[in-house]
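**Q** A single structure is presented below for examination.
The values are calculated or read from the model by the stated rules, or taken from the named source; none is laboratory data. Computed from a predicted structure; not experimentally measured. As a convention, Cβ positions derive from the backbone with ideal geometry for all residues, glycine included, and neighbour counts pool all protein chains shown. Each accessible area value is taken on the protein alone, full model and side chains, heavy atoms only, with ligands, DNA and RNA left out. Shrake-Rupley method; radii C 1.70, N 1.55, O 1.52, S 1.80 Å.
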Amino acid sequence: MSDIQAYIGGKHIDGPASYENINPSTSAVLGTVVRADAALVDQAVQAARAAQPGWAAIKPEERANLLEALARAILENKEALAVLESEDTGKPLSQARNDAVVLARYFQFYGRAIDSYYGLALPVDPGFHVYTRREPLGVAGSIIAWNYPMQLFGRAVAPALATGNTSVVKPADETPRTAVRVAELAVEVGIPAGVLNVVPGIGNEAGAALAAHPGIDHIGFVGSTTVGTSIAASAAQNVVPAVLELGGKSPHIVFPDADLDTVTTFVTKGILQNAGQTCSAGSRLVVHSSIAQELIGRLEAAFAATTIGPGMEDRDLGPLISLKQQQRVRGFVDEAQGKIVTGGLAPDGLGDGAFFLPTLISDVDPASRIAREEVFGPVLVSTPFQTEEEAVALANGTDYALMAAVWTSDVSRAHRLAGSVLAGQVYVNAFGAGGGVEYPFGGFKKSGYGREKGYESLDAYTATKTVIVKL
């Protein structure tokens, strides 16, 4: 049992109320979490505001050294962080360990990238010396989802700090502990107090207060489209930039000339990783009718072989984040108009955990709710196609456009579909949860706007200043 407080200006700060943190594997109480209110959020923003000029004035080389030191500290504490993450989310321990490694990689990558992040000289007129500078925006607010708490923390905080901004992070209600611990590590390695602040709490209280605070200069959000709409409205009211990553309904488009062994492996992992609670999960199978039956049979066998259990037992599949989410997933499946090939319910013998069996539903109407909306569970729906044009229409037939995969040995077809399928990332003969730290990530349509990850993320946390000097 542990009690989690806010971490502001290098100190633990209590709040006016608290709530219980629940382990989704067992429904046991892990401890209490401070329920930050608007006053506590304001305190964090003020601490970040006070620290920002000094942090921005530090040489990029020195900021880089501190971020790399934080990366090393994260790796030294990898096991402890992974245990916190596995208990909070229910995800298998090995996946939580990988999340800690990726978290460290963000701070390492952006620590190195900032050394070569410069403005441009604009030699347009010999009578003028004109150049640009990339300058930090100021205080960056980040509201983080519960599915990958450590990875999303690194994705938001590392580029913000690298470019001279300070950060106020609101972790998800259900998963606050690793954010507070990493903020502690940041101060321990020498990052000045106030540069990184964490305000746990309830989304419509602490999160809403952070998004609407007039003292922030940037807001980043990962979560639902509904909440993202309100975040965007708050950003517009304060005239600050926002980066929104709001989810997906990502298709695997499988042609007859694909390697079905490889397809089976990647499709299985792409929907079962993190119990399907991944914005970039490959939750739709758009498969040519001539191979649909064979591929579905292979996937049925792969799903049946999946081991299930509490996160700390490190099986293939852990629980959903909560019993509420379990009921939501069950609701989608119960109303589905297709053939449930396997799964479709909670497994027996796992107590009070929020588990759900790997589920495959074939012959799904592409206009149905389960084919168009984000389930956020281990549920894969399949729809057949006959022609390439039909495949593209099916792939583009939802309000989301985050990721896609094209499976074919025809190089020309692969490039055609990479151009015609609407998605922020398109894989060919592979699939990953948003790719590596180095790859820009974000979507079109209701998957949000702006890009995180990669070198491109540095632009999101800076503004261009043009200097024109008459010679």
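**Q** Under a 1.4 Å probe, what is the accessible area of the chain per residue, stated in Å²? Present the calculation step by step, with values, prior to reporting the outcome.
**A** On the way: 18230 Å² over 471 residues.
Each residue of the chain exposes 39 Å² on average to a 1.4 Å probe.
**Q** By accessible area of protein heavy atoms, probe 1.4 Å, what ranking do Ile340, Ile253 get, highest first? Display every interim value, and only then the final one.
**A** Numbers: Ile340 80, Ile253 0 Å².
Correct descending sequence by accessible area is Ile340, Ile253.
**Q** Could you tell me which residue out of Asn21, Pro53, Tyr439 lies farthest along the dipole of the chain toward its positive end? Charges go on the beta carbon: Lys and Arg +1, Asp and Glu -1, centred on the Cα centre.
**A** Pro53
**Q** Report the rotationally averaged projected area of segment 7-51 based on its alpha-carbon convex hull, in square nanometres. Walk me through the numbers on the way to the answer.
**A** Details: hull surface 15.1 nm².
Directional mean of the projected Cα hull area for segment 7-51 stands at 3.8 nm².
**Q** For the chain, what does the relative contact order come out to in percent, with C-alpha contacts under 8 Å and a separation of six or more?
**A** Details: 1130 pairs, mean separation 87.1, N = 471.
Relative contact order for the chain comes out at 18 percent.
**Q** Determine the shape class of the chain: with a ≥ b ≥ c the square roots of the Cα gyration tensor eigenvalues, call it rounded for a/c under 1.5, and otherwise prolate if a/b is greater than b/c, oblate otherwise. Write out the running numbers ahead of the final one.
**A** On the way: a/c = 2.04, a/b = 1.32, b/c = 1.54.
Verdict is oblate for the chain.
**Q** Oh, and also: What percentage of the solvent-accessible surface of segment 1-112, computed with a 1.4 Å probe over protein heavy atoms, is contributed by carbon and sulfur atoms? Walk me through the numbers before you get to the answer.
**A** Working: 2410 of 4740 Å².
Of all accessible area on segment 1-112, carbon and sulfur atoms account for 51 percent.
**Q** Please state the charge dipole magnitude for the chain, taken about the Cα centre, from unit charges on C-beta atoms (+1 on K and R, -1 on D and E), reported in debye and rounded to the nearest 20. Kindly include the intermediate steps, with their values, before the conclusion.
**A** Details: 36 positive and 49 negative charges, 204 e Å.
Dipole of the chain, to the nearest 20 debye: 980 debye.
**Q** What percentage of the solvent-accessible surface of segment 118-226, computed with a 1.4 Å probe over protein heavy atoms, is contributed by carbon and sulfur atoms?
**A** Numbers: 1940 of 3240 Å².
Looking at segment 118-226 in its full context, I get 60 percent from C and S.
**Q** Can I ask one more? Positive end of the charge dipole of the chain (Lys, Arg +1 and Asp, Glu -1 on Cβ, about the Cα centre): tell me which of Pro192, Gly353, Gly377 has its Cα farthest that way.
**A** So the residue we want is Pro192.
**Q** Further question on the same structure: Using Cα centres only, tell me the gap between segment 92-133 and segment 322-364 in whole Å.
**A** Their Cα centres are 42 Å away from one another.
**Q** Rg and Dmax in Å for segment 233-361, alpha carbons only: what are they?
**A** Computed over the Cα atoms of segment 233-361, radius of gyration and Dmax are 17.1, 54 Å.
**Q** Can I ask one more? Given 4 °C and 1.567 mPa s, how large is the Stokes-Einstein diffusion coefficient of segment 108-262 in µm²/s, with Rh as the Kirkwood radius over Cα pairs?
**A** Numbers: Rh = 17.7 Å.
My calculation gives 73 µm²/s for D.
**Q** Separate question: Out of Thr166, Pro136, Gly203, whose Cα points farthest toward the positive end of the dipole of segment 67-213 (charges: +1 Lys, Arg; -1 Asp, Glu; placed on Cβ)?
**A** Pro136
**Q** What's the carbon and sulfur percent of segment 270-352's accessible surface, probe 1.4 angstrom, rounded to a whole number?
**A** Numbers: 1680 of 3640 Å².
Percent of accessible area from carbon and sulfur atoms in segment 270-352: 46.
**Q** In terms of the Cα gyration tensor, with a ≥ b ≥ c the square roots of its eigenvalues, is segment 287-386 rounded because a/c is under 1.5, prolate because a/b exceeds b/c, or oblate? Mind dumping the intermediate values first?
**A** Values: a/c = 2.68, a/b = 1.51, b/c = 1.77.
Cα axes put segment 287-386 in the oblate bin.
**Q** Whole Å is fine, so just give me how far the alpha carbon centre of segment 134-179 lies from that of segment 380-418.
**A** 33 Å
**Q** Right, next: Based on the alpha-carbon gyration tensor of segment 217-264 and its eigenvalue square roots a ≥ b ≥ c, which shape applies: rounded if a/c is under 1.5, prolate if not and a/b is larger than b/c, or oblate? Intermediate values should be presented prior to the final figure.
**A** Working: a/c = 5.00, a/b = 3.99, b/c = 1.26.
Prolate.
**Q** Ok, one more. List the chymotrypsin sites (Phe, Trp or Tyr not before Pro) in segment 407-471 that DSSP assigns to loop (not H, G, I, E or B) and whose Cβ has at most 16 other Cβ atoms within 10 Å. Which are they?
**A** Values: sites: Trp407, Tyr427, Phe431, Phe441, Phe444, Tyr449, Tyr455, Tyr461; in loops: Phe431, Tyr455, Tyr461.
Sparse-neighbourhood loop chymotrypsin sites (Phe, Trp or Tyr not before Pro): Tyr455.
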